[in-house]
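Read through the structure below, which is laid out as structure tokens, and then see the notes.
The values are calculated or read from the model by the stated rules, or taken from the named source; none is laboratory data. From a predicted model like this one, the values you see are computed outputs, not experimental measurements. No Cβ is skipped: glycine too gets one built from the backbone with ideal geometry, and neighbour counts run over all protein chains shown. The area values use the complete protein model at the heavy-atom level, side chains included, leaving out ligands, DNA and RNA. Shrake-Rupley method; radii C 1.70, N 1.55, O 1.52, S 1.80 Å.
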Amino acid sequence: MQKKSMGPVVRRTVFDAFVFAYLVMAVLSPIIFSTEEALHQLSRNASIFFGLSIVGAFISGLVSRAGVRTLGEILFAPAHKRLPQGEPKPWYATLWGQQALVTTLVTLIVGLIVTEASIVALLDKERITSASRLLGELFNPGWHILPTVIVHMVQTVYMAFVATLIAVPIAFVLSFMAAKNIMGTTGPGMAFYTALRVVLNVSRSIEPIVWAIIFALWVGFGPFAGMLALMIQSVSSLAKQYSEYVEGVDEGPIEGIRSTGATTLQTVWFAIVPQVTLPYISYTIYRWDTNVRMATIIGFVGGGGIGKLLIEYQLQGAWREVGCILLVIAAVVWIMDAFSAYVREAIK
Amino acid sequence: MSASVKDSVKDSMTDTILSVRHLEKTYPNGMRALKGVSFDVKKGEFLVIIGLSGSGKSTLLRCLNRLHEPTGGQILFKGQDVTNIEGDEILKLRSRIGMIFQHFNLIPRHTVIGNVLSGSLSRTSTVRSLLGLWSREDREKAQSYLNLVGIGEKAYYRASQLSGGQQQRVAIARALTQAPDVLLADEPVASLDPATCHTVMDYLRKVNQELGLTIICNLHFLSLVRQYATRVIALKAGEIVYEGDPNSIDDAWFQRIYGEGAKEVHIN
Ligand SMILES: Nc1ncnc2c1ncn2[C@@H]1O[C@H](COP(=O)(O)OP(=O)(O)OP(=O)(O)O)[C@@H](O)[C@H]1O
Ligand SMILES: [Mg+2]
């Protein structure tokens, strides 16, 4: 009980404190980071940040006590406290509104500096002419390599297709085990459910490009590594999405089938599967479409296919050939996109 | 002891198909939905359970076929104690007890006949059922029960294409395909209009009288109860407050069951 009621307050305070520290450091950065060396002193800078955070936490507490709502309060207060209190003010006249505005503006300014944005570089005459020369080559594709490009593109599409196809049955089985309404809320079922969810979430958060690097070291550079990378990613993302469909099914048919004396497997097959088939197919096609796009990028890091070809020509500076590859990729992605949208609309 | 007394004891035992003793159900959240309910059900009865919303009617029915786990007391089904059976035994019990629901609980995307055939799941092996390889006997049975409830010609429609009343008749046919001894009906007409409601109740009476199927049915409207029930039990806050002839429920009893100041509404 104590803990529950403390949560929002803690989150509010921490959020406000960090925002305060961030703003102060950003504004004072010319002083704090006066030298390149100062920028790299992690423990010194962290101390400044947390020191300022403590000041911020105090301010947040004081302001909240005075009945003024901070940005942290707006974001983290429990629902029942979010009710408007007193006469509504326009957002820019409130503390939280000003907090949000100032934070956004400061972030934009700092961001432009950090990304070394430069109008001068953008408008440099010499650079514009060399860039337009390269663009000219890019848009004058070297069609002579088209046969090779097509072979590699086909390889990439297959890579994505096989990865999806292998992932589907695995994800199908996992999806029921990752659904709360199947596994129950007690005992070993719940434990297994939780463990599986954690594994799926972790593996899903690892980008396929990272998997590709791992598998390229394991099975060697080439489309097989790329396929494995896409498959792992597809299994976890399909299973997650599928299990959400399973959790959303109507309980009525389940009860109806269970009441006939059906086994668990029969109940899943008769009461749940018909309810999730269409959303499964729809999401799977979307996944395949996504995989084709990802397969291209995965080629850059050793996944084979069209991506590998692209990076090879790019490193040689063969821009006309690169142009040809980019056009083929664009065409295939566009076709896949249209096809997947059409099929998903048709089976709705 | 004379033979005739023994016989009548044996008689009354075979007569009773279901015996509920001090049944308790407390949900995990602490809600005591049933507080020691006891009653007997005789073979061939049309027993109706009435009571306010929340009085525990649905809970009671779901305990009988172990869709919900009772937390105390005893249930005897055809003389066998089924309170603590487990696994396959529960599945077998459920197959002997058909059930229909307020919202029909069919599989909307399957055909009508497919829905009815799912009543034979418990006697079909898992592999055969997943492949849809129903036995010819079951197919014929399913079709004949569809005919019995008057929608034989709708066999190859999707269940979702049927009206509410027709869907409830499909549900009855599905339950009949189980070849059950008892049929549980949880407010089978609560989401139907008055006219359709009588059609469905008439079919329930038909299977009760023609097939001799014992029926235990939750209902909301007393007028329907008087028309169809052979006996009635009233639940109030998880306890039985009335048991007997539906026609003996007078105003005094009505107020006791539904609370002071309650007024009966009629449905025709
Ligand atoms: N799964 C559950 N978990 C917790 N409490 C429940 C659950 N199901 C029912 N209850 C509670 O048990 C009590 C009896 O519910 P039940 O559904 O059996 O009533 P009912 O007589 O069928 O009502 P109605 O006429 O509205 O269908 C209610 O107070 C209900 O809130
Ligand atoms: Mg109910």
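Values for this structure:
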| quantity | calculated |
| --- | --- |
| Hull-based mean projected area of chain B, where the convex hull spans the alpha carbons, in square nanometres | 16.6 |
| Long-range amide H partners of A:GLY222 with built H, under 5 Å | A:GLY303, A:GLY304 |
| Rg over Rh, two decimals, the range A:171-288 (C-alpha only, Kirkwood Rh) | 1.07 |
| Diffusion coefficient, µm² s⁻¹, Stokes-Einstein with Kirkwood Rh over alpha-carbon pairs of the range B:70-152 at 4 °C and 1.567 mPa s | 87 |
| Helical mean residue ellipticity (222 nm; -39500 (n - 2.57) per DSSP H run of 4+; nearest 500) of the protein assembly as shown | -19000 deg cm²/dmol |
| In Hz, Karplus ³J(HN,Hα) per residue of the range A:115-124 (6.51, -1.76, 1.60; θ = phi - 60°; x = Gly, Pro) | 7, 6, 4, 8, 4, 4, 4, 5, 9, 4 |
| Amide H contacts under 5 Å for B:TYR242, placed H, 5+ residues apart | B:ALA234 |
| Inter-part distance where the range A:122-192 and the range A:230-297 are each reduced to a Cα centre, Å | 21 |
| Derived scalar couplings ³J(HN,Hα) [the range B:232-240; Karplus, 6.51 cos²θ - 1.76 cosθ + 1.60; whole Hz; x for Gly, Pro] | 9, 10, 10, 9, 9, 6, x, 10, 7 |
| Cross-link partners of B:LYS206 among aspartates and glutamates (Cα-Cα below 19 Å; sequence separation of 8 or more within a chain) | B:GLU45, B:ASP181, B:ASP186, B:GLU187 |
| Other-chain or far-sequence residues with amide H under 5 Å of B:LEU34's (modelled H) | B:LYS25 |
| Average Cα contact separation per residue, the range A:138-346, under 8 Å, 6 or more apart, as relative contact order % | 34 |
| Relative counts (whole %) of C-alpha pair distances in the range B:127-191, using bins that are 10 Å wide | 19, 48, 29, 3 |
| For residues of B:97-110, the mean tally of beta carbons on other chains within 10 Å | 5 |
| Cα-Cα separations in the range A:138-346 greater than 22 Å, expressed as whole percent | 56 |
| Among A:191-200, A:297-306, A:245-254, the order from most to least packed when residues are scored by Cβ within 10 Å on average | A:297-306, A:245-254, A:191-200 |
| ³J(HN,Hα) computed for each position of the range B:56-73 - Karplus, 6.51 cos²θ - 1.76 cosθ + 1.60, integer Hz, glycine/proline x | x, 4, 5, 4, 4, 4, 6, 6, 5, 9, 6, 5, 10, 8, x, 10, x, x |
| Per-q log10 I(q)/I(0), the protein assembly as shown, q = 0.08, 0.09, 0.10 Å⁻¹ (Debye; single scatterer per alpha-carbon; no solvent) | -0.87, -0.98, -1.07 |
| Three-way shape label, the range A:61-186, alpha-carbon gyration tensor, a/c 1.5 | oblate |
| Among B:GLN209, B:GLN74, B:GLN166: highest mean-square fluctuation, GNM of chain B, C-alpha pairs under 10 Å | B:GLN209 |
| Accessible area of the protein assembly as shown divided out per residue, in Å², using a probe of 1.4 angstrom | 52 |
| Cα-centred dipole magnitude for the range A:2-117, charges only on beta-carbon of K, R (+1) and D, E (-1), debye, nearest 20 | 760 |
| Restraint check, A:LYS180/B:LYS57; B:LYS25/B:LYS92; B:LYS25/B:LYS57; B:LYS43/B:LYS78, Cα-Cα greater than 18 Å | A:LYS180/B:LYS57; B:LYS25/B:LYS92 |
| Between the range B:102-145 and the range A:1-59, the alpha-carbon center distance in angstrom | 65 |
| Which of A:ILE285, A:ILE257, A:ILE150 is most accessible, then next, and so on - probe 1.4 Å | A:ILE150, A:ILE285, A:ILE257 |
| Dimensionless Rg ratio for the range A:2-117, taking C-alpha atoms and the 2.2 N^0.38 Å reference | 1.22 |
| Computed over the range A:116-210, Cα set: Rg, Dmax in Å | 24.8, 70 |
